[in-house]
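Structure first, then comments.
The values are calculated or read from the model by the stated rules, or taken from the named source; none is laboratory data. The structure displayed is predicted, hence computed values, not measured ones. Positions of Cβ are backbone-derived with ideal geometry, glycine not excepted, and every protein chain shown enters the neighbour counts. Calculation scope for accessible area: heavy atoms of the full protein, side chains included, ligands and nucleic acids excluded. Shrake-Rupley method; radii C 1.70, N 1.55, O 1.52, S 1.80 Å.
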Amino acid sequence: MARFRCEVVVEALPRRWFEECVDALYERAGRLELDGDGWIRDIEQHADVALVEGEHLTAGARYQWHVDRVGEDGEPQDRGGTTTEVVLRSWERHGLVSAEGETWLDDGGLATWTAHLHSPARAETVRAGGSYRGVKRWQRLSWAARLDAGRWWTATEGRERLGRSWPSWAKGRGRLGWSWPSWAKGPGRLGRSANGRGRRRAEAFTAALRHPLGEGVLRLSPAAAPDGRWRVVVTLTVRGRGWARPVAAAALPAARRRLEDAFGKAVRRAVQEWDETVRELRGHDPREVDAWLAVLEARLRAENAELDRWIAGQDTTTAP
């Protein structure tokens, strides 16, 4: 097992801004209307979404849509693409919003996920998890993530309660059948700060990824910085699984410095992107959903384009 840790200072997203944007997004979804055939209307990017079972925006509502495969010329292909089905399990503004979905890929793979938002009116806690199953055994992934917004605000507003455990409803199997994977469970707190001194900080965000050959868990533990920003301890734990476990253990001492450099570089890049995005978001009214969604979509497109360039570069490097 290898653990990497660092401490960074990032731009703060105001609590009121975050809570209002989540509530506004809930209201925006509630205004979506269907035409006579069950298709979502008035919003172009949702034009292919159809209600196939149940009542719109009520528990049990089932939606489907298909995305065509796009060729190198940018035109949709006659064959291929993905089909997604989403079932709404709960839709309560002051309670729980929950959904689960499945996406069938044209390569035979299947991706599944669940998502839970506790109280959209206050955006208290978000939990999500899912898996991907390809046609081959090694093409399997499972993931989970959770954000305790209440714990985050408590820590960054200087009201941190040290070592507080996760609330009971956020642990184990809930009423909707979702459970936090046992392999990703942490101690509930991160320990001391990155330099080995200072107060213990409770983790507020955790994300975990698992593959047949390895697994990793990322934890964020926030606190208030003197200048109004956030000070965050970032901890990444990785380990091999199966036959890769002894191989990874043997190779780690030689590769540790390179891995630490890669970890530090990735964190610095994430901090830069976070700061730029937050500064831009704070310039918009949180209830103007279209405005801040456009900011996030532009950032996502830029990230996808950069990822495509990186993949293309890898293909060129490995070509004979």
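Taking the criterion of being in contact with a Lys or Arg (Cβ under 6 Å, 6 or more places away or on another chain) and either in contact (Cβ under 8 Å) with a residue 60 or more places away in the chain or open to solvent by less than 10 Å² (accessible area, probe 1.4 Å) (or both), the residues of the stretch 214-232 that qualify are Ser221, Ala223, Ala225. Against the definition (over 30 Å from Pro226 (Cβ atoms) and open to solvent by 30 Å² or more (accessible area, probe 1.4 Å)), how does Ala128 come out, yes or no? When the stated conditions are applied, Ala128 does not pass them.
Suppose the filter is open to solvent by 60 Å² or more (accessible area, probe 1.4 Å) and at pLDDT 85 or above; does Trp138 pass it? No; evaluated as a whole, the condition is false for this residue. Listed conditions (1) open to solvent by 80 Å² or more (accessible area, probe 1.4 Å); (2) part of a loop (DSSP other than H, G, I, E, B); (3) under 27 Å from Arg28 (Cα atoms); (4) of a type outside the set (Phe, Trp, Tyr) are all met by Glu297, apart from (2).
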